[in-house]
């Protein structure tokens with residue numbers, strides 16, 4: 001064979017091999033560098049009454065959520081920052097505790113005349129603070145929110161999300177978006193399919209109705225009847241209370257159906273494999289009193305499952321460390337390859353530098369027109385609660401006053417038919433401090449703050465809370481700005497439930513003689 005020809009062939013073979021190796025290498029690098037999609041499935045008002053959380057009544061009746069946990073990481077001790085939606089969501093979307101940013105009062109920064117919020121009512125974040133979707137957009141992500149904003153600060157919705165209508169923009173400037181949640185992902189232009197470049201990674205929020213309406217989606221033959229679920233002893237055993245309590249168990253079953261629809265849509269669209277899913281709720285059950293808007297476990301404890309094709313997500317892992325939803329904000333940024341801003345209050349849950357906190361803190365402030373201030377610290381074993389308005393009873397005037405559960409409660413109080421605990425707990429003066437052993441007393445009815453044997457534990461939790469209030473600059477220490485409070489008054493003043501109730505004295509300054 002011609003030596004020159006042979007040499008030429010060898011050169012060509014070498015070049016071809018290098019080219020193919022380079023292509024393979026580039027392809028591999030490109031594959032490795034492809035960012036994951038990240039989806040928040042946020043359930044409204046949903047306590048974790050699910051099989052995977054050890055609930056015996058719903059065992060076997062939340063199979064999709066249980067499977068999500070089996071394929072991902074389950075967090076048993078995840079807590080909201082507030083037991084009400086707008087405050088909790090304001091913290092979640094910023095990664096900063098709502099009491100630090102001044103977004104702690106429920107439905108503040110609002111205007112009711114279908115116009116952009118006037119300057120005097122606007123609550124602004126400190127300079128340099130960006131929301132999670134804004135940071136994800138800067139990192140190259142397509143962003144969307146197919147449902148509820150409900151943020152207590154002034155923002156341009158177009159700066160947060162890449163898709164939405166003109167009406168959504170105006171609603172966002174007013175502090176919330178009216179389209180709260182969608183049924184079964186029916187509005188395609190709000191989701192991942194709206195992006196023009198199908199290779200672009202996306203970060204999205206999908207809202208499901210959870211504790212509010214998902215009970216209507218229970219699978220056929222699986223709906224619980226009113227008497228199928230026993231009541232906690234802090235509720236009177238009457239039909240309205242049994243129905244409210246059972247509704248929430250059904251809501252968990254219905255949410256399972258909703259999550260299944262979302263997962264099937266992801267799979268159908270070829271998006272499931274490269275998507276990290278965060279499933280959680282903004283706070284606990286809304287169907288029963290003492291949960292939503294209050295700082296007991298029922299209001300603060302939420303489900304949290306993270307599943308996806310990521311090296312740090314180990315299928316079937318169960319974590320019992322204390323977690324705040326602020327950690328969801330930080331972990332989302334970290335998984336999206338975004339450098340964490342130093343102002344974040346949460347941690348990347350999968351970082352090698354992660355350190356489990358000794359306490360997770362929570363706060364409740366004005367809810368609708370009901371003015372209260374409660375702070376809480378939960379540790380591995382105990383929950384500590386501080387009531388700053390102990391003279392205002394648990395059942396002071398509130399937005400649920402027209403609901404049967406409240407009407408019946410007040411009727412039984414007048415008739416003297418409540419148990420001594422129920423009567424004192426709901427209608428008496430509240431203790432300034434509460435301390436509960438969560439394992440020995442899961443219903444949180446035995447207040448250890450009054451027991452001298454627990455004095456050192458009480459002091460430790462009290463000091464931790466007071467230090468947190470001081471170091472984070474808790475803005476709940478000061479009365480709400482008069483212009484914001486006046487806006488709340490104007491929103492409610494003509495509604496019968498407000499006019500006919502003994503509302504807080506803070507509103508007296510706005511009443512006409």
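The values are calculated or read from the model by the stated rules, or taken from the named source; none is laboratory data. Model, not experiment: these values are computed from the prediction. Cβ placement follows ideal geometry from the backbone for every residue including glycine, while neighbour counts extend to all protein chains displayed.
Examine segment 270-282 for a residue that is in contact with a helix residue (DSSP H, G or I) (Cβ under 8 Å, 6 or more places away or on another chain) and at positive phi, and state whether such a residue exists.
Checking segment 270-282: not a single residue is in contact with a helix residue (DSSP H, G or I) (Cβ under 8 Å, 6 or more places away or on another chain) and at positive phi.
The residue list 470, 424, 417 contains one member that is surrounded by fewer than 17 Cβ atoms within 10 Å (Cβ to Cβ) and either in contact (Cβ under 8 Å) with a residue 12 or more places away in the chain or at positive phi (or both), which is 417.
Listed here are the residues, each with its yes/no results for (1) at pLDDT 95 or above; (2) surrounded by fewer than 23 Cβ atoms within 10 Å (Cβ to Cβ).
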{"residue": "193", "(1), (2)": "no, yes"}
{"residue": "202", "(1), (2)": "yes, no"}
{"residue": "235", "(1), (2)": "yes, yes"}
{"residue": "242", "(1), (2)": "yes, yes"}
{"residue": "249", "(1), (2)": "yes, no"}
{"residue": "260", "(1), (2)": "yes, yes"}
{"residue": "265", "(1), (2)": "no, yes"}
{"residue": "268", "(1), (2)": "no, yes"}
{"residue": "273", "(1), (2)": "yes, yes"}
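Quick one: would you say residue 102 is at pLDDT 95 or above, within 19 Å of the chain's Cα centre (by Cα) and farther than 21 Å from residue 208 by Cβ? Full working, then the answer.
Numbers: at pLDDT 95 or above: yes; within 19 Å of the chain's Cα centre (by Cα): yes; farther than 21 Å from residue 208 by Cβ: yes.
For residue 102, the condition - at pLDDT 95 or above, within 19 Å of the chain's Cα centre (by Cα) and farther than 21 Å from residue 208 by Cβ - is met.
Residue under question is residue 298, and the condition is that it be buried (at least 19 other Cβ atoms within 10 Å of the Cβ), over 22 Å from residue 67 (Cα atoms) and out of contact with any strand residue (DSSP E or B) (no Cβ under 8 Å at 6 or more places or on another chain); does it hold? When the stated conditions are applied, residue 298 passes them. Which of (1) closer than 27 Å to residue 457 by Cβ; (2) surrounded by fewer than 23 Cβ atoms within 10 Å (Cβ to Cβ); (3) in contact with a strand residue (DSSP E or B) (Cβ under 9 Å, 6 or more places away or on another chain) is the odd one out, the single condition residue 350 does not satisfy? Single failed check for residue 350: (1). For segment 56-73, the candidate set comprises residues that are assigned to a loop (DSSP other than H, G, I, E, B), in contact (Cβ under 8 Å) with a residue 40 or more places away in the chain and out of contact with any helix residue (DSSP H, G or I) (no Cβ under 8 Å at 6 or more places or on another chain); within that set, the residue that is nearest to residue 335 (Cα to Cα) is 72. For beta carbons closer than 7 Å, sequence separation of 6+ or different chains, a first residue in segment 208-224 that is on the phi > 0 side of the Ramachandran plot and a second that is assigned to a helix (DSSP H, G or I) and at pLDDT 90 or above, the qualifying pairs are 210/251; 210/255.
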